[in-house]
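Notes for the one structure printed next.
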Amino acid sequence: MDGNTRLHDTPDWIANITIQELENNPYPFYERLRKEAPVAFIPALGLYIASTKEACRAIAKDGETWGGFISPAGGRTFGHPNVLNVNGPEHKELRCMVDPALQPRAVDGYVEDLVRPIARRYVEAIEDKGAADLVATFCEPVSVRALGDLLGLQSVSSDKLREWFHKLSVSFTNAAVDENGDWANPEGFKPGDEARAEIREVVDPLLDNWEKNPDDSALSHWLHDGMPEGKTRDRERIYPTLFVFLLGAMQEPGHAMASTIAGLWTNPEQFERVIDNPKQIRRAISESLRWTSPIWSAVARQAKKDTTVAGVDLPAGSVVMLSYGSANHDSNDYDAPSKFDMDRKPVPHIAFGAGPHACAGTYFASEVCRIGLEELFETIPNLERDETKEIDFWGWGFRGPKELHAKWEV
Ligand code: V55
């Protein structure tokens, strides 16, 4: 690590924070950060964190000063170049590769036919059971199957896709460094290494086929779009971004659906209203993304030049993590931010980021959640929380309920 730590007088409460504490419950620490140190150097991470809405938004939107950057553990997990950590023409090329299938107009053309049958299939599998963990039986399977089928991974089972995002996530969030800046848990990257090797084994033959026989799947387009006649995109330019997708884009719509249900369970009147009026599902999802942002603290930026944010001087090269889950609890923007309240004043959240690296899947993910929850609530309108089981939210990089136990009369 560089000498960053020495430039800063880090108070004990910041110096002693551990990633485990943040993963269990990041909110108390961040509440203090927002008040006392909106941009703070965190020795356990070897980088800065921005925690307020204002600081996160200012950094994310200023593509002149700030380049997309991936956390060291993220870079170790995905490899280079991936869409999160390139800028300028290289970023443009990768966004031109991933964006077409995710444009709202394109999504509107296929999303009903893609997602509704998937959601129906998974809800039918639990409908007669009277009880289920909705994370494992519904939210995650719908999330991975929707994107899996869009990409062209129909031959990969939902359980395998869930295993992949889980392993990549373990590796991505293995962010702790020791006092020398070396990995605190090098073996924590093994699950990601395993997943990457298996993904390549499974996807290489699919790419072989799409090279000769292009079809409508998104991955076939990733190979062919924007390439000169007779050429396909080099796989080494595809895989790192595919790993990004197979983690966040697979996992987060599931987190969002689960958090929406959990949020509604904290507010029975609003839950009932949403069940009775499915049009309100969109608003419930939007409030849930603010309330428990699925990508809680997983993106970063690097300063291209010396700059100052929230009164903190940041030399060129400084890396700042944007903790959107904290920004979305900023009391400057939201009254009682820890309350789920879909009737609150609609101040836009920043769960999908902002600026040049704003989420490519904003619309697709929201539609997957909407259709999934429409099918679930329509088929099981008497869905209730199983009060005998705790709801444990977990995660700092990515956050959502680990399990969600529901019951209903059959
Ligand atoms: C991010 C997104 C990802 C991912 C890791 O925005 C980090 C941050 C869309 O996937 O896999």
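Structure values in brief
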{"item": "In Å, descending, principal axis extents of the Cα set of segment 267-348", "result": "53, 21, 15"}
{"item": "Of 13, 66, 210, the one that fluctuates the most in a GNM where the chain has Cα springs shorter than 10 Å", "result": "13"}
{"item": "Relative contact order (%) - segment 3-407, alpha-carbon pairs under 8 angstrom, separation at least six", "result": "27"}
{"item": "Within a Gaussian network of the chain (alpha carbon springs, distance under 10 Å), most fluctuating of 110, 27, 48", "result": "110"}
{"item": "Heavy-atom accessible surface of the chain: percent carbon and sulfur, 1.4 Å", "result": "49"}
{"item": "Relative contact order (%) - segment 77-177, alpha-carbon pairs under 8 angstrom, separation at least six", "result": "23"}
{"item": "Helix-only [θ]222 nm of the chain, DSSP H runs n ≥ 4, -39500 (n - 2.57) each, per residue, nearest 500", "result": "-14500 deg cm²/dmol"}
{"item": "Share antiparallel - DSSP beta bridges, the chain, percent rounded to 5", "result": "90"}
{"item": "Cross-link table 190/402; 190/305; 61/305; 339/402; 53/339, entries beyond 27 Å C-alpha to C-alpha", "result": "190/305"}
{"item": "Normalised contact order of segment 322-410, rounded percent, pairs of Cα under 8 Å and 6 or more residues apart", "result": "17"}
{"item": "Net charge, residue 227 excluded, C-beta distance under 12 Å - Lys, Arg +1, Asp, Glu -1", "result": "-2"}
{"item": "Longest DSSP-loop-exposure-free segment, GluC sites (Glu not before Pro), the chain, at most 11 other Cβ within 10 Å", "result": "230-386"}
{"item": "For residue 388, solvent-accessible area (1.4 Å; no DNA, RNA or ligand), Å²", "result": "120"}
{"item": "Accessible area per residue, Å², the chain with all protein chains present, probe 1.4 Å", "result": "43"}
{"item": "Pairwise centroid distance, computed over Cα atoms, of segment 331-410 with segment 173-198, Å", "result": "29"}
{"item": "Span-rule helices in the chain, defined as complete DSSP H runs reaching 27 Å or more along the axis (Cα) with Kyte mean at least 0.0", "result": "none"}
{"item": "Radius 14 Å from Cβ of residue 153, net charge of other residues (Lys, Arg +1; Asp, Glu -1)", "result": "-4"}
{"item": "Pairwise centroid distance, computed over Cα atoms, of segment 51-127 with segment 12-26, Å", "result": "27"}
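The values are calculated or read from the model by the stated rules, or taken from the named source; none is laboratory data. Everything numeric here is computed off the predicted structure, so don't read it as measured data. Reconstructed Cβ throughout: ideal geometry from the backbone, glycine too, with neighbour counts over all protein chains shown. Side chains are part of the model used for accessible areas, which takes the heavy atoms of the whole protein and leaves out ligands, DNA and RNA. Shrake-Rupley method; radii C 1.70, N 1.55, O 1.52, S 1.80 Å.
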